[in-house]
Amino acid sequence: MATHTSVRTKLFRVAILAMLVAAMPAPAFAAIRYVSTSGSDETNDCTGPGLPCVTNQHAVDLAQGGDELRVAAGSYSGSSTLTVRRFEVDYYYRQVVFIDRPLSLRGGYLETDWNVSDPQANITTIDAAGDGRPVSVVDTDTGLVTLSGLTHTGGDYTGLGNPPGTVNHVCRSREEEDCGGGLYVYSSTLELDQCVVSGNVASSVAGDGGGIYLWQTRAITLANIEVSNNQAAYSGGGLHAE
């Protein structure tokens, strides 16, 4: 009887486990999303290699955690301001691409070949054109953001950092100070690989981190990058870390 009872208990447990597994939702798989200067955002989820989106921000907004965004060669501009509500205060960030979730943004592709990235041959540029910065990465905590094969240029964050009377708001320093002309990373985990950060200005008046500004980052990996010809009125013409 003891053996019989034991077998029945095991069978019952297996049956319960099978029912629980069957009831569990299917795992979400990371998607690949495509961006090209010849694409279109209208009613487009960017997942078709033959139907890429035209803006990186649209693809980022649609992305789920872990998605990979592949960007074809070309220049991408068009800054916008995004508001983050934190500690009952509104924080304003102005950039071409705003990232607040773990994902990969990779340049260096051709529309005729989405499988191989060659950033040197297929230059992919995020150009702020003097209006904010190319890329902001904010509040991903330990969720990894990978930026690869991209050129960050044309950033100018003059007058866009800490508003008058506000200290340690968007930039960690004094009031009326700006930061992060090319790339801004706050409370996030970042891998920057095969990227160029060049020709950016943190501030022409008061600011830090002409090329890259890192603040309360969880972990940072920098590999095979070029940081050149960036400007900051205070510290870190190339890179400033808090």
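The values are calculated or read from the model by the stated rules, or taken from the named source; none is laboratory data. It should be emphasised that the depicted structure is a prediction, and the values quoted were computed from it without experimental measurement. Neighbour counts run over all protein chains shown; Cβ positions are idealised from the backbone, glycine included. All accessible areas refer to the heavy atoms of the entire protein, side chains included, with ligands and DNA or RNA removed. Shrake-Rupley method; radii C 1.70, N 1.55, O 1.52, S 1.80 Å.
Overview of results
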item	result
Selection within the range 217-242 - surrounded by 14 or more Cβ atoms within 10 Å (Cβ to Cβ) and in a strand (DSSP E or B)	ILE220, LEU222, VAL227, GLN231, LEU239, HIS240, ALA241
PRO119 being part of a loop (DSSP other than H, G, I, E, B) and open to solvent by 30 Å² or more (accessible area, probe 1.4 Å)	no
Tally of residues being farther than 21 Å from HIS152 by Cα, open to solvent by 50 Å² or more (accessible area, probe 1.4 Å) and either among the small types (Gly, Ala, Ser) or not in a strand (DSSP E or B) (or both) across the range 48-95	7
Search result, residues across the range 211-236 that are more than 18 Å from the chain's Cα centre (by Cα) and within 18 Å of VAL170 (Cα to Cα)	ALA232, ALA233, TYR234, SER235, GLY236
Residue within the range 177-190 that is open to solvent by 30 Å² or more (accessible area, probe 1.4 Å), touching a residue at least 24 places away in the same chain (Cβ under 8 Å) and under 19 Å from GLY149 (Cβ atoms) present	no
Near pairs, Cβ below 7 angstrom, 6+ apart or cross-chain, from the range 87-102 (basic (Lys, Arg)) to any residue that is in a strand (DSSP E or B) and at pLDDT 95 or above	ARG94/THR81; ARG94/GLY132
Qualifying residue in the range 164-172 (condition: modelled with pLDDT of 95 or more, touching a Pro at 6+ places or on another chain (Cβ under 9 Å) and assigned to a strand (DSSP E or B))	no
One residue from TYR76, TYR93 being modelled with pLDDT of 95 or more and in contact with a Ser or Thr (Cβ under 6 Å, 6 or more places away or on another chain)	TYR93
Breaking point among (1) of a type in the set (Asp, Glu); (2) over 20 Å from VAL96 (Cβ atoms); (3) touching a strand residue (DSSP E or B) at 6+ places or on another chain (Cβ under 7 Å), for GLU226	(2)
So THR125, is it part of a strand (DSSP E or B) and of a type in the set (Ser, Thr, Tyr)	yes
Candidate set from the range 135-157 (those that are open to solvent by 50 Å² or more (accessible area, probe 1.4 Å) and in a loop (DSSP other than H, G, I, E, B)); member that is nearest to SER75 (Cα to Cα)	ASP139
Subset of the range 184-209 (residues that are outside any loop (DSSP other than H, G, I, E, B) and out of contact with any Gly (no Cβ under 7 Å at 6 or more places or on another chain))	TYR184, VAL185, TYR186, LEU190, GLU191, LEU192, ASP193, VAL196, SER198
Residue ID - surrounded by the fewest Cβ atoms within 10 Å (Cβ to Cβ), chosen from residues in the range 164-176 that are under 15 Å from ARG86 (Cβ atoms) and out of contact with any Gly (no Cβ under 7 Å at 6 or more places or on another chain)	ASN168
